[in-house]
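Novice: Structure below; questions to follow.
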Amino acid sequence: MNETELIRNLDQIKIELDGTGCKLIAVSKTKPVEILTAAYQAGIRIFGENKVQEMVQKHEVLPKDIEWHMIGHLQTNKVKLIAPFVSLIHSVDSIKLLKEINKRAAQNNRIIDCLFQIHIAEEETKFGLNEAELFELIESDEFNSMENIRMKGLMGMATNTTDYEQVRKEFTALKDLFNKTGSKYVADNLDFTELSMGMSNDYRIALKEGSTMIRVGSLIFGERNYNN
Ligand SMILES: *Cc1c(COP(=O)(O)O)cnc(C)c1O
């Protein structure tokens, strides 16, 4: 992946997003700082990472007007490391995690924006809440007493399959749950505007289904090599 290719990839996606109101989260996990710098120079201001340590290191050296989005599974004992600067946590899937985010946000005098991660795929391995768990969490007294978090919407990952009808159905289901939740609950810390769905292989379907944030990695930066 050279810089010319990177810029070409970004331009292509930007054209597709033009006029949709959908934001691009450039998923830069495993990629070195030089590559992120090239993307930054090409106009990217939102980066998605899935490892706390990696995000912290990149945040330290890169320009401060970058929004850092945590898109991967987040362990409670690591929340404190990103609480001072993280812009959006896409992967909230338990009250325990939310409690910790709320606590660390308060210590930093911040309100941290979050999304609930919803399980929409067929795979067992993917994290996330189902509808009943989501509603139970939102209705809990504990949730309603948290003052330093703001829930902005939902995130989901579709099944990794070439059966695009299946993927479309999963995104539609997520969109329906997003609408249902946003209208069912009106609370101070629930401000539903964001629907994070769509990755390199399925973002076009996600866009058609109403995504407001696509999380695209390999299509911008090339395949990831997990060995280095
Ligand atoms: C890695 C990752 C992405 C991006 O995946 P690509 O297929 O490379 O676009 C999006 N969302 C999450 C949660 C990820 O972990």
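The values are calculated or read from the model by the stated rules, or taken from the named source; none is laboratory data. Since the model is a prediction, treat every value here as computed from it, not as a measurement. Cβ placement follows ideal geometry from the backbone for every residue including glycine, while neighbour counts extend to all protein chains displayed.
Novice: Please find, within the range 1-53, the residue that is nearest to the chain's Cα centre (by Cα) out of those that are hydroxyl-bearing (Ser, Thr, Tyr) and part of a helix (DSSP H, G or I).
Specialist: Here is the first cut: in the range 1-53, the ones hydroxyl-bearing (Ser, Thr, Tyr) are 4, 20, 28, 30, 37, 40.
In the following step, the residues that additionally are part of a helix (DSSP H, G or I) were identified as 4, 37, 40.
Values: Thr4: 27, Thr37: 21, Tyr40: 19 Å.
Step by step, filter the range 1-53, then rank; the result is Tyr40.
Novice: Test Asn109 against the stated conditions and say whether it is at pLDDT 95 or above and away from the ligand (no atom under 15 Å from the Cβ). Working first, answer last.
Specialist: Numbers: at pLDDT 95 or above: yes; away from the ligand (no atom under 15 Å from the Cβ): yes.
Against the criterion (at pLDDT 95 or above and away from the ligand (no atom under 15 Å from the Cβ)), Asn109 qualifies.
Novice: Give the residues of the range 197-223 that are under 20 Å from His69 (Cα atoms), more than 7 Å from the ligand (Cβ to nearest atom), touching a Ser or Thr at 6+ places or on another chain (Cβ under 8 Å) and of a type outside the set (A, V, I, L, M), sorted by residue number.
Specialist: Gly198, Tyr203, Ser211, Thr212, Phe221
Novice: Spot the failing condition for Lys99; the list is (1) outside any strand (DSSP E or B); (2) within 18 Å of Gly48 (Cα to Cα); (3) at pLDDT 95 or above, and only one is missed.
Specialist: Lys99 satisfies every listed condition except (2).
Novice: Restricting to the range 7-38, count the residues that are within 14 Å of the ligand (Cβ to nearest atom), among the hydrophobic types (A, V, I, L, M, F, W, C) and closer than 17 Å to Ser200 by Cα.
Specialist: Qualifying residue count for the region: 6.
Novice: Would you mention how many residues in the range 124-172 are under 21 Å from Met199 (Cβ atoms), surrounded by fewer than 14 Cβ atoms within 10 Å (Cβ to Cβ) and of a type in the set (Ser, Thr, Tyr)?
Specialist: 3
Novice: Follow-up. If Gly72 satisfies all but one of (1) over 30 Å from Gly128 (Cα atoms); (2) outside any helix (DSSP H, G or I); (3) modelled with pLDDT of 95 or more, what's the number of the condition it fails?
Specialist: Gly72 satisfies all of (1) over 30 Å from Gly128 (Cα atoms); (2) outside any helix (DSSP H, G or I); (3) modelled with pLDDT of 95 or more except (1).
Novice: Taking the residues in the range 69-85 that are farther than 15 Å from Leu115 by Cα and either within 16 Å of the ligand (Cβ to nearest atom) or among the charged types (D, E, K, R) (or both) as candidates, determine which candidate is surrounded by the most Cβ atoms within 10 Å (Cβ to Cβ).
Specialist: In this case the residue turns out to be Ile82.
Novice: While we're here: Just to be sure I understand, how many residues within the range 39-58 are surrounded by 19 or more Cβ atoms within 10 Å (Cβ to Cβ), more than 13 Å from the ligand (Cβ to nearest atom) and of a type outside the set (Val, Ile, Thr)?
Specialist: Looking only at that region, the number is 2.
Novice: If I filter the range 81-96 down to residues being among the aliphatic types (A, V, I, L, M) and not in a loop (DSSP other than H, G, I, E, B), which single residue comes out as farthest from Leu134 (Cα to Cα)? Step through it out loud before you land on a result.
Specialist: To start, the set of residues in the range 81-96 that are among the aliphatic types (A, V, I, L, M) comprises 81-83, 86, 88-89, 92, 95.
Filter once more, so that each one left must be not in a loop (DSSP other than H, G, I, E, B): 81-82, 88-89, 92, 95.
Working: Leu81: 26, Ile82: 24, Leu88: 18, Ile89: 16, Val92: 10, Ile95: 10 Å.
Among those residues, the one meeting the criterion is Leu81.
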